[in-house]
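All remarks here apply to the structure that follows.
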Amino acid sequence: RPIPVAGLLEGVVERFQLQAAKQELSLRVHLPQERGVCVYGDEDMVNRVLDNLVSNALKYTPPGGRIDVRAEVHAHQVTLVVADTGIGIPAEDLPHVFERFYRVEKGRSRRGGGTGLGLALAREMVERMGGEIRMESELQRGTTVYVTLRRAEEDAA
Ligand code: ATP
Ligand code: MG
């Protein structure tokens, strides 16, 4: 069933707003120009994916940083984007971060926590919905994750 993209983006930003403020991070949502854009998928799963990505962004971005949540709307697909200005991921680790239990932890200062399952689960869920997930990162500059899902006809409402 079609899920409105605006609600997805606003929802995740709302769920993490307090935590972001506590960490002195700016967490912002940018809604698509076009109104009523929807994707196909399981709403619970999309929310779990987004929660995973934003919680990573919060975990790996030092105070003063920025996290932006937005969508790129195409004719037949929509890409949900979570971008942070955090510590980034070394190029040699980037191909492995979606593997179960893989963590980049060579003397990284951000507080411990984590099993290395978040991104593996996110990828599993995205693929189950017929979508695609990929990540770009630059060390000390930030990380951007792209989740591409099939675009749906807008909800008749
Ligand atoms: P979990 O999500 O299970 O609590 P985790 O966050 O360590 O633990 P993943 O979400 O799978 O595990 O991420 C894997 C690794 O990729 C992380 O340990 C971290 O090194 C790196 N990583 C993920 N997201 C980011 C990000 N936004 N910025 C920098 N590094 C990241
Ligand atoms: Mg994680």
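For the range 1-19, filtered to residues that are within 19 Å of Pro62 (Cα to Cα) and aliphatic (A, V, I, L, M), the residue that is surrounded by the fewest Cβ atoms within 10 Å (Cβ to Cβ) is Leu18.
Against the numbered list (1) under 21 Å from Ser137 (Cβ atoms); (2) outside any loop (DSSP other than H, G, I, E, B), Pro90 comes up short only at (2).
If you go through the range 118-128 and keep only what is surrounded by fewer than 19 Cβ atoms within 10 Å (Cβ to Cβ), touching a residue at least 24 places away in the same chain (Cβ under 8 Å) and not basic (Lys, Arg), you end up with just Leu121. Of all residues in the range 27-55, those satisfying the criterion of being assigned to a strand (DSSP E or B) and crowded, with 20+ Cβ neighbours inside 10 Å are Leu27, Cys38, Val39.
Within the range 61-77, the residues that satisfy the criterion of being touching a strand residue (DSSP E or B) at 6+ places or on another chain (Cβ under 9 Å), of a type outside the set (A, V, I, L, M, F, W, C) and either surrounded by fewer than 22 Cβ atoms within 10 Å (Cβ to Cβ) or part of a strand (DSSP E or B) (or both) are Gly64, Gly65, Arg66, Asp68, Arg70, Glu72, His74, His76, Gln77. When you scan the range 117-136, do you find a residue that is within 15 Å of ligand 2 (Cβ to nearest atom), within 24 Å of Pro4 (Cβ to Cβ) and among the basic types (Lys, Arg), even just one? Yes, there is a match, as at least one residue in the range 117-136 is within 15 Å of ligand 2 (Cβ to nearest atom), within 24 Å of Pro4 (Cβ to Cβ) and among the basic types (Lys, Arg).
Yes or no, residue by residue, for (1) of a type in the set (Ser, Thr, Tyr); (2) assigned to a loop (DSSP other than H, G, I, E, B); (3) within 16 Å of ligand 2 (Cβ to nearest atom):
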{"position": "Val13", "(1), (2), (3)": "no, no, no"}
{"position": "Ala57", "(1), (2), (3)": "no, no, yes"}
{"position": "Thr79", "(1), (2), (3)": "yes, no, no"}
{"position": "Phe98", "(1), (2), (3)": "no, yes, yes"}
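May I ask you to verify whether Arg123 is under 30 Å from Gly36 (Cα atoms), within 15 Å of the chain's Cα centre (by Cα) and assigned to a helix (DSSP H, G or I)? In short, yes.
Yes/no per residue for (1) within 11 Å of ligand 1 (Cβ to nearest atom); (2) at pLDDT below 95; (3) in contact with an Asp or Glu (Cβ under 8 Å, 6 or more places away or on another chain):
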| position | (1), (2), (3) |
| --- | --- |
| Pro63 | no, no, yes |
| Arg70 | no, no, no |
| Lys106 | yes, yes, no |
| Thr115 | yes, yes, no |
| Glu127 | no, no, no |
| Gly131 | no, no, no |
| Thr144 | yes, no, yes |
| Arg150 | no, no, no |
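The values are calculated or read from the model by the stated rules, or taken from the named source; none is laboratory data. Just so it is clear, the structure is predicted and the values come from calculations on it, not from any experiment. Every residue, glycine among them, receives a Cβ derived from its backbone with ideal geometry; neighbour counts consider all protein chains shown.
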